[in-house]
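Every read-out reported here was derived from the displayed coordinates using simple, explicitly stated rules and does not represent laboratory data. Here the structure is a predicted model, which means the values were calculated and not measured. Heads up, the Cβs are rebuilt from the backbone with ideal geometry, glycines too, and the neighbour counts pull from every protein chain shown.
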Amino acid sequence: MINGSVPTNFDKSYTVPIPKGNVTWQTLTADNFRGISISPSISKLFEHAVLVRFSRYFATSECQCRFKKQLRCRHAIYCVRNVIEHYVNNGSTVNVCSPDLSKAFDRINHYALFIKLMDRKLPNELLSLLEQWFSISVT
């Protein structure tokens, strides 16, 4: 971590396609599957060490519900339903827009992401580590 580099073979993972919901074979497409990456156990330990060491830089908005301990999709749905019910009960019309961000990370400009991370004042050793990890990762 101090050198800002990822150990050899931590860049490789194996992706297993997992079917989403009730998939019928007649309508089978790549969109019917969610890819789960399986990485070497030792690299998962390394990820955890990075998380522990740099946890103070990974703070998120209180509005974010995913990827947080004790928060699930149900919490977000509950919050949205409460807001909608409040406005409907008070005579307003509510329109909801829900973008599909399922492939957002695959399409993100990683350089723009690094600029955002630099704006958050992440240490250079963490930025170097993440940059190398993204550049060498294969599945």
Practice problem: Cross-chain or 8 or more residues apart, Cα under 23 Å: how many lysine pairs in the chain fit that? Count them up, please. | Solution: 12
Quiz item: If you add up the charges near W133, with Lys and Arg at +1 and Asp and Glu at -1, over every other residue whose beta carbon is less than 12 angstrom from its beta carbon, what do you get?
Solution: -2
Exercise. Could you list which residues have their amide H under 5 Å from that of F33, counting only those 5 or more apart in sequence or on another chain, with H placed in the peptide plane?
Key: K20
Exercise. Mind checking the full-extension length gain between H110 and A49? Use 0.36 nm per residue of separation minus the Cα-Cα distance, one decimal, nm.
Key: 19.7 nm
Quiz item: On a 0 to 90 degree scale, rounded to 10, what angle separates helix 124-136 from the longest Cα axis of the chain?
Solution: 80 degrees
Self-check item: the chain: calculated mean residue ellipticity at 222 nm from DSSP helix runs of at least 4, using -39500 (n - 2.57)
Solution: -12500 deg cm²/dmol
Practice problem: Would you work out the charge dipole size for the chain about its Cα centre, treating the Cβ of every Lys and Arg as +1 and the Cβ of every Asp and Glu as -1, and quote it to the nearest 20 debye? | Solution: 340 debye
Exercise. Please report, in Å, the Rg and the Dmax of the chain, where both are computed over Cα atoms only.
Key: 19.5, 61
Self-check item: Between 0 and 90°, nearest 10: helix 110-119 axis offset from the chain longest Cα axis
Solution: 90 degrees
